[in-house]
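First the structure, in the form of structure tokens, and then the observations on it.
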Amino acid sequence: MSKTENNSNKKPISRRDFLTLVWKGLGVIALIEVVVIIGSYFFSNKKKEKNNSVRLFEAGTVNDFKNNTVSAFMGGHFYLVRLQDGGFMALSIRCTHLGCSISWEDAKNQFICPCHSSAFDIAGEVLNPPATKPLNYYPVLIEKGIVKVDISNLKDRNSVRKEQLIYA
Amino acid sequence: MLSFLLHFHPKKINPAALKFTRTFGLGGMAVLLFVLEALTGILLRFYYIPTTFEAYQSIVNLNSQVLFGQFIRNIHYWGSILLILTTFLHFLRVFFTSAYRDARAFNWIIGLLMLVTVFMFNFSGYLLPWDQLAYWAVTVVTNILLYIPWVGESFYELIIGGKELNSNTLHTFFAFHTALLPFVLLLLLFYHIWKVRKAGGIILEEQNQKSEKVDVMPHLVHKEGIVALVIVALLFVLALIFDAPLLEKANPTGSINPVKAPWYFAGLQELLLHFDPIFAAILIPMGILLFLVWIPYFNYDKEPTGKWFLSEKGKNTTLQTAIFSFILTILGILLSPGFVRFEKLLPGFPGYLSNGLIPITIMVGLVWLFFKYRLHSSKLLKEEKIQAIFVFILVAFVILTLTGIFFRGKNMELMMPWNI
Ligand code: HEM
Ligand code: FES
């Protein structure tokens with residue numbers, strides 16, 4: 001047995017080796033096909049969801065919201081806040097630490113997370129860890145005095161900035 | 001049937017392998033529990049409906065309307081807990097009898113895969129009742145993924161099928177829990193047991209290796225039967241006394257307080273309270289996993305002895321390291337973040353330094369001093385050093401897990417178990 005193996009090493013290539021090689025090659029191709037098919041099977045669904053159209057949530061008219069107030073819109077999963085200077089921001093209800101839902105505490109003037117007690121100020125800035133990033137937000141549009149929130153487009157941020165506010 | 005099952009065993013076996021304290025029968029218990037989980041799982045599937053609208057109600061119905069419904073569910077619940085415990089203890093037994101080298105090296109890797117699969121099993125099942133407990137526990141654990149740099153978000157969205165838990169998530173978890181994972185674990189299990197036999201059976205101490213063999217039937221099989229009966233009895237008692245929990249239906253806008261990860265991830269969650277997430281959620285767990293995978297492939301100094309804890313010296317270092325790790329971990333939990341606030345002490349530093357690299361360097365420094373000057377690590381064998389590192393990690397992990405389960409109450413504040 002070992003003799004023939006030695007021989008085949010020296011000869012260009014034996015018929016058996018050639019066939020084995022072909023089989024192995026076919027096997028690899030089959031494997032790649034399986035991976036591609038399963039892969040596309042899993043990911044095709046994802047793409048369709050990506051190009052979701054904009055979903056607007058009508059919160060109310062500008063005058064419904066006084067300066068320095070927070071209004072909860074649990075159906076849209078956001079808090080609409082109007083800051084001291086009249087700017088609007090729609091904050092996600094999800095804590096940036098590990099995703100629990102925060103609640104607004106009027107007495108403390110803070111958002112508090114029940115899970116590991118992170119706290120955020122009215123603009124979403126972190127007041128108390130373990131959260132490290134400010135609350136995520138949804139873009140706000142004001143059209144003809146109506147405040148609309150684009151709830152299909154959650155945005156994250158590393159700091160709270162003036163540009164994130166929308167004015168009537 | 002019996003003779004088919006007997007093929008898992010060789011015909012004859014070394015009497016030293018029969019001693020209960022050699023393996024504590026843990027691998028076999030895990031097999032039994034896996035089978036029981038499969039059986040009760042199949043029963044549960046006849047009533048469970050995997051949609052976000054109906055899942056919760058279907059469990060309520062199971063509990064209240066179906067004869068023995070609650071009982072079957074309880075067995076599945078307690079079985080899953082015992083399966084994790086026995087698998088973990090089995091893993092410790094394999095480690096501490098050094099049964100992970102040479103012919104057994106690859107089986108150690110297979111075993112680790114099985115351990116991960118068992119965790120995934122449990123975690124995917126945790127979501128299925130779709131109650132508040134399930135919803136928020138799975139939320140906090142999956143959110144950890146978001147801290148992985150660059151790929152975290154897409155990975156998270158792939159698993160969740162959206163930005164937050166939804167019907168896609170439930171469906172994916174259901175498919176994993178009841179189709180993919182059972183299949184994978186079964187394949188691994190057959191391979192695992194075949195590998196045990198190929199390595200010549202379980203590891204034995206040298207002086208026992210040559211003794212005369214005895215028949216497996218009845219010597220081993222009868223013992224296994226007794227252990228199996230004890231396990232089944234224990235499971236039934238637990239299932240009769242303690243009901244599996246079920247809170248209100250999941251409410252995506254109202255977290256409960258506190259939200260705890262499933263108990264076997266409580267250690268990970270505890271770590272997250274103390275360190276920056278890059279370390280707590282990614283680097284530390286990955287480092288530990290890598291170390292575990294590497295264990296069979298270090299260049300060891302000696303043949304494995306098959307003795308528990310390697311040697312007398314091994315036993316001694318194990319004990320000292322355990323005590324050291326115990327003290328260090330408890331101090332760490334008590335001091336940070338309550339008393340020592342690195343992010344306040346070092347304002348202006350990014351979190352991964354102030355709450356990550358710096359405290360971890362201090363800890364590693366302490367561990368190094370302990371190894372060098374207390375254990376005199378230069379005089380230890382390679383396997384004794386590896387064992388000491390393993391014990392350090394193990395004890396820290398166990399303490400963190402127990403703290404997370406029993407000593408964290410409202411707002412995840414530290415408190416005594418009876419105040420929670
Ligand atoms: C569902 C999980 C598991 C099941 C059902 C299982 C089952 C078994 C069984 C029945 C044995 C025979 C000896 C004994 O009972 O101790 C065994 C041995 C072994 N297991 Fe596992 N096991 C599991 C997980 C693991 C894990 C997590 C590891 C380690 C990472 C592991 C590594 C090993 C090794 C290396 C052996 C050979 C031990 C020796 O030769 O002494 N297994 N396993
Ligand atoms: S999820 Fe909000 S503090 Fe942890």
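The values are calculated or read from the model by the stated rules, or taken from the named source; none is laboratory data. Note that this is a predicted model, so its numbers are computed, not measured. We place every Cβ from the backbone using ideal geometry, glycine too, and count neighbours over all the protein chains shown. Only protein heavy atoms, including side chains, enter the accessible area calculation; ligands, DNA and RNA are left aside. Shrake-Rupley method; radii C 1.70, N 1.55, O 1.52, S 1.80 Å.
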- Rounded to the nearest 20 debye, dipole of chain B from Cβ charges on Lys, Arg, Asp, Glu: 1200 debye
- For the stretch B:130-136, in residue order, the Karplus 3J(HN,Hα) values (coefficients 6.51, -1.76, 1.60; θ = phi - 60°; whole Hz; Gly and Pro = x) are 6, 9, 4, 4, 4, 4, 7
- Message: Looking only at Cβ-Cβ distances, which cysteines of chain A have no other cysteine closer than 4.7 Å?
- Response: none
- Note on the structure: The B/A contact buries a total accessible area, at probe radius 1.4 Å and rounded to the nearest 100 Å², of 2000 Å²
- Note on the structure: If every Lys and Arg gets +1 and every Asp and Glu gets -1 at its Cβ, then about the Cα centre the stretch B:241-313 yields a dipole, in debye to the nearest 20, of 60 debye
- Given the options B:Tyr56, B:Tyr126, B:Tyr47, which has the most mean-square fluctuation in a GNM of chain B, springs set between C-alpha atoms less than 10 angstrom apart? B:Tyr47
- Message: Could you put B:Thr253, B:Thr329 in order of accessible surface area, largest first, with the 1.4 Å probe and the full protein assembly present?
- Response: B:Thr253, B:Thr329
- Amide H within-cut-off set for B:Asp131, under 5 Å, with H built and near neighbours excluded: B:Ala250
- Hey, got a sec? Which trypsin sites (Lys or Arg not before Pro) in the stretch A:71-168 land in a DSSP loop and have at most 15 other Cβ atoms within 10 Å? A:Lys108, A:Lys144, A:Arg157, A:Arg161
- Considering only B:Leu39, B:Ile84, B:Phe106, whose Cα is most displaced toward the positive end of the charge dipole of the stretch B:1-138, charges sitting on Cβ of Lys, Arg (+1) and Asp, Glu (-1)? B:Phe106
- Message: I want the local charge near A:Val140. Using Cβ-Cβ distances under 13 Å, sum +1 for each Lys or Arg and -1 for each Asp or Glu among the other residues.
- Response: -1
- Message: Charges at C-beta only: +1 for Lys and Arg, -1 for Asp and Glu. How large is the resulting dipole of the protein assembly as shown about its Cα centre, in Debye rounded to 20?
- Response: 1900 debye
- Those residues in the stretch B:144-158 that give up at least 40 Å² of accessible surface, probe 1.4 Å, once the partner protein chains are present instead of the chain by itself are B:Tyr147, B:Leu158
- Apply 1/(1 + (r/R0)^6) to the Cβ-Cβ distance of B:Ala233 and B:Glu206, taking R0 = 25 Å, and write down the FRET efficiency to the nearest 0.05. 0.10
- So, with a 1.4 angstrom probe, what is the percent of accessible area on the stretch B:266-420 that is carbon and sulfur? 73 percent
- Item | Solvent-accessible surface (1.4 angstrom probe) belonging to A:Glu163, in square angstrom, nearest 10 | 130 Å²
- Query: Could you work out the helix-only [θ] at 222 nm for the protein assembly as shown, with each DSSP H run of four or more residues adding -39,500 (n - 2.57) and the total divided by the number of residues, to the nearest 500 deg cm²/dmol?
  - Reply: -16500 deg cm²/dmol
- Among A:Glu143, A:Glu33, A:Glu58, residue whose mean-square fluctuation peaks in a GNM of chain A (springs only between Cα atoms under 10 Å): A:Glu33
- Which residues of the stretch B:125-139 show a drop of at least 10 Å² in accessible area when all protein chains are present, compared with their chain alone (probe radius 1.4 Å, heavy atoms only, ligands and nucleic acids excluded)? B:Trp136, B:Thr139
- Query: Once amide H atoms are placed 1.01 Å from N in the peptide plane, what residues at a sequence separation of 5 or more from A:Asn128, or on another chain, have their amide H within under 5 Å of its amide H?
  - Reply: A:Ala119
- So what's the net charge close to B:Tyr56: Lys and Arg +1, Asp and Glu -1, counting the other residues with Cβ under 15 Å from its Cβ? -1
- Message: From Cα pairs below 8 angstrom and at least 6 apart in sequence, can you work out the relative contact order of chain A, rounded to a whole percent?
- Response: 19 percent
- Relative contact order (%) - chain B, alpha-carbon pairs under 8 angstrom, separation at least six: 23 percent
- Item | For A:Ala123, residues with placed amide H under 5 Å, excluding near neighbours | none
- Message: Test of understanding: in a Gaussian network model of chain B with alpha carbons linked when under 10 Å, which of B:Tyr135, B:Tyr352, B:Tyr77 would top the mean-square fluctuation ranking?
- Response: B:Tyr352
- Note on the structure: Residue-ordered couplings for the stretch B:397-407, obtained by feeding phi - 60° into the Karplus form 6.51 cos²θ - 1.76 cosθ + 1.60 and rounding to whole Hz (Gly and Pro as x), are 4, 5, 4, 4, 5, 4, 4, x, 6, 9, 10
